[in-house]
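The values are calculated or read from the model by the stated rules, or taken from the named source; none is laboratory data. What you see is a predicted model; the values in this text were computed from it and never measured. When we count neighbours, we look across all protein chains shown, and the Cβ atoms used for this are built from the backbone with ideal geometry, even at glycine.
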Amino acid sequence: MSVLSGMLYCADCGQKMYLCRCTTMKQAEYFNCSSYRKKKKRTCSSHQITVHAVEEMIKNDLQFTIRYANENKEQFLSILASRSEAKSKRELKASLKEIEESEARIKTLDKIIQNLYEDKVSGKISEERYLKMSENYENEQGLLIGKVSILKTDIEKSKNKTDNITKFVSLVDKYSDFEELTPEILRAFIDKVLIYEKEKIDGYYKHTIEIIYNFVGAVEIPDFD
Ligand SMILES: [Zn+2]
């Protein structure tokens, strides 16, 4: 499935997973880490997983998540909300502090530049010295103004987190009882999927994947019946 092949990433090196279509010896289609393929197997391990296995795991996770969301609506919403709030509150506090400090420094720099100008006019410092010093202060001020503007934009963006939860919940409602994993469903729900290297446990290979959903990221659903 071509939609899937753009979504899978190696959990260890971060590169895309490469779809191998060579189906000799009745081998199923499978994905390999692309660093493993390109660099002659030195930089990363294979992370090999069949297309079928990934599809099944995504389908199970999605159905599990949707079932939890439908049967435990309140808890599901609070899982999504508490996660994004915890993060955004912490970030918000740090950003606001940085904005406050930067704006104070910008004001101070205004005064310093003004004083320098007066010193130049009254002849306390030379024209050359004035130009050199004021240039430095103006550069510093320019950087701070840029930083404040970026921080303010980020704060605006984080306000959209509530909208994102709403968007995710409406997806859950829309595809509440899907049977088949279609490209449409994959595109609607999934941002990317991280593929971990398989582990051998009690003689069996165990695959682990991590699904990063659109709008809400990785969702940790508690065990439930
Ligand atoms: Zn890799």
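Just one of the numbered conditions (1) loosely packed, with under 11 Cβ neighbours inside 10 Å; (2) touching a helix residue (DSSP H, G or I) at 6+ places or on another chain (Cβ under 6 Å) is not true of G123: (2).
Restricting attention to the stretch 138-187, which residues are among the polar types (S, T, N, Q) and assigned to a helix (DSSP H, G or I)? Step through it out loud before you land on a result.
Our first condition is that a residue be among the polar types (S, T, N, Q); within the stretch 138-187, this holds for 139, 141, 149, 153, 158, 160, 162, 164, 166, 170, 176, 182.
Once the filter is applied, which keeps residues that are among the polar types (S, T, N, Q) and assigned to a helix (DSSP H, G or I), the stretch 138-187 yields N139, Q141, S149, T153, S158, T162, N164, T166, S170.
Does the stretch 170-225 hold any residues that are aromatic (F, W, Y) and surrounded by 17 or more Cβ atoms within 10 Å (Cβ to Cβ), and which are they?
Taking the stretch 170-225 first, the residues aromatic (F, W, Y) are 175, 178, 189, 196, 204-205, 213, 215, 224.
Listed by number, the residues that qualify are F189, Y213, F215.
Scanning the stretch 46-58 for residues that are touching a helix residue (DSSP H, G or I) at 6+ places or on another chain (Cβ under 9 Å), surrounded by fewer than 18 Cβ atoms within 10 Å (Cβ to Cβ) and within 11 Å of L181 (Cβ to Cβ) gives a single hit, E55. When the stretch 16-36 is filtered for residues that are in contact with a Cys (Cβ under 9 Å, 6 or more places away or on another chain), at pLDDT 85 or above and over 13 Å from E197 (Cβ atoms), the ones remaining, listed by number, are K16, Y18, E29, Y30, S34.
Against the definition (in contact (Cβ under 8 Å) with a residue 12 or more places away in the chain and within 16 Å of the ligand (Cβ to nearest atom)), how does R37 come out, yes or no? Quick ask: steps written out before the conclusion?
Working: in contact (Cβ under 8 Å) with a residue 12 or more places away in the chain: yes; within 16 Å of the ligand (Cβ to nearest atom): yes.
Yes, satisfied.
Among the conditions (1) modelled with pLDDT under 90; (2) of a type in the set (S, T, N, Q); (3) assigned to a helix (DSSP H, G or I), N60 misses just one, which is (1).
Scanning the stretch 37-85 for residues that are charged (D, E, K, R) and within 25 Å of V216 (Cβ to Cβ) yields E55, E56, K59, D61, R67, E71, K73, E74, R83, E85. All told, R129 meets the bar of being over 30 Å from S46 (Cβ atoms) and either outside any loop (DSSP other than H, G, I, E, B) or among the polar types (S, T, N, Q) (or both).
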